[in-house]
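Read through the structure below, which is laid out as structure tokens, and then see the notes.
Just so it is clear, none of the values below were taken in a lab; they were calculated from the coordinates. Keep in mind it's a predicted model, so treat the numbers as computed, not measured. For neighbour counting, all protein chains shown are included, and Cβ atoms are generated from backbone atoms with ideal geometry for every residue, glycine included.
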Amino acid sequence: MHRFKYKGRSLYCENVRVARIAKEVGTPLYIYSRNTLLDHYRKIEKALKGLSPLICFSVKSNSNLSVLKTLVKAGAGLDIVSGGELYRAKLVKTPPERIVYAGVGKKRDEIMDAIRYGILFFNIESQEELELVNQCARGMKKTVNVAIRINPDVDVSTHAYITTGMGQTKFGVDFKTAKNIFRSSWKYRNANIKGVHIHIGSQILSARPFRHAIKKVLGFVDENKISIEYLNVGGGLGIVYSFEKPQTAASFARKIAPIIKRSKLKLIFEPGRFISGNSGIMVTKVLYRKKNGRKNFIIVDSGMNDLIRPSLYRAYHTILPVTKPAGSLKKAKFDIVGPICESSDFLGKDRVLPVLKKGDLFAVMGAGAYSFAMSSNYNSRPRAAEVLVDGTRFAVVRKREAYKDLVRGESVRA
């Protein structure tokens with residue numbers, strides 16, 4: 001599942017002691033395992049081999065340049081949702097024919113930049129967006145490929161904030177609007193509608209909602225005799241954070257491959273969390289311990305600005321000591337909280353953990369996706385460093401921010 005394991009009392013990332021990295025780089029700190037990233041990418045590649053898919057890693061899950069380069073070199077494409085993510089894709093020399101561009105709010109300059117780079121597809125989220133893409137392409141004397149993102153109104157058992165395929169969400173178009181777009185496709189002479197796209201949510205543990213959504217969309221395509229070449233099924237495969245039992249890549253493929261084969265459409269898949277989630281951890285240091293008569297608290301040097309998922313989604317991340325205490329393992333129940341001036345600033349509540357002392361380290365597991373990528377400078381806190389481990393070696397792939405980084409671009413007017 002991942003390459004973070006104890007050897008004796010010490011937690012290792014691949015063949016490097018996590019405590020050694022923390023001592024040299026400082027905390028808070030994100031550590032990524034290069035070979036775990038590749039393991040998970042190859043699991044998907046192997047499982048879907050019979051469909052010859054284009055696998056586009058979801059950049060929003062982890063946009064570190066070294067992470068992206070690792071996957072692009074292995075053959076992955078990229079699923080982007082902003083001009084900034086396109087900029088990153090260019091920096092790591094992603095072939096344009098391996099880039100798909102989603103997102104409900106693409107701006108004119110972002111669209112034109114993507115057209116200039118020659119990306120494979122725009123995933124279109126509204127009729128007005130399609131009109132703008134067509135207009136931009138016409139003005140640039142180009143023709144671009146687009147896929148219509150259809151919202152299949154399929155329920156999934158995940159957090160409401162990461163459910164994207166229900167009718168009340170902002171994503172995609174309903175079937176009626178999609179039908180009108182395809183019927184009037186002749187109007188968009190500079191936008192070839194060559195595919196349909198769905199993305200129903202994130203951290204989905206079963207293939208059932210995927211099958212339901214794919215069948216609904218393919219039924220719509222058949223019923224309306226729509227001629228397309230591509231089916232983009234989005235991403236959303238869940239991972240283990242605590243006691244979940246998610247589907248494997250192989251079991252997912254067994255459930256959806258027969259349906260897609262019958263359609264004879266080319267497959268695009270956009271995994272993010274499945275590849276990067278368990279490939280990373282966040283390391284944090286114990287600053288203080290205290291009791292308030294009701295609870296025991298461990299106050300650490302990272303907070304919701306570094307990892308917002310517990311505060312935003314009440315997401316559960318396993319928390320482990322980087323070095324297990326020697327002797328008998330005395331444990332107690334703690335809230336692990338950070339230094340941010342918000343009551344919602346916590347990494348875990350009511351966790352039974354070894355009694356550590358000031359200066360000891362914790363590892364927050366499953367922090368490779370939607371973790372650093374969602375971090376901020378709230379409370380004027382510099383963002384953490386990022387490290388990539390490869391076997392016995394490690395390298396800082398993003399320097400820790402300094403105070404001067406917090407005010408870059410600001411000016412004092414009095």
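A few comments on the model shown:
- Gain in span if fully extended, Lys23 to Lys295, counting 0.36 nm per residue against the direct Cα distance: 94.9 nm
- Take the Cα of Lys264, go 7 Å toward its beta carbon, and the backbone nitrogen atoms of the stretch 174-213 under 18 Å from that spot belong to 194-196.
- Each label was represented as a point 7 Å from its Cα along the Cα-to-Cβ direction; for Lys170 and Val240 these points are 3.6 nm apart.
- Residues Thr392, Thr36, Thr177 in ascending order of nearby Cβ atoms (within 10 Å, fewest first): Thr392, Thr177, Thr36.
- Modelled spin labels at Asp109 and Val92, positioned 7 Å past Cα toward Cβ, are 2.5 nm from each other.
- Every Cα-Cα pair in the stretch 298-370 was counted, and those over 14 Å apart are 59% of them.
- Annotation for Tyr403 and Lys333: the two label points, set 7 Å from Cα along the Cα-Cβ direction, are 4.1 nm apart.
- As a proxy for reagent exposure, ranking Val59, Val16 by other Cβ atoms within 10 Å from fewest up yields Val16, Val59.
- Reported label for calculated Cα extents along the principal axes in Å given (i) 83, 43, 42; (ii) 72, 59, 42; (iii) 138, 76, 47: (ii)
- In the stretch 160-260, the trypsin sites (Lys or Arg not before Pro) that fall in loop regions by DSSP, at most 11 other Cβ within 10 Å: Lys170, Arg189, Lys225
- Cα centroid separation, the stretch 348-393 to the stretch 188-216 (Å): 33 Å
- Counted by neighbouring Cβ atoms within 10 Å, the residues Arg309, Arg138 run from fewest to most as Arg138, Arg309.
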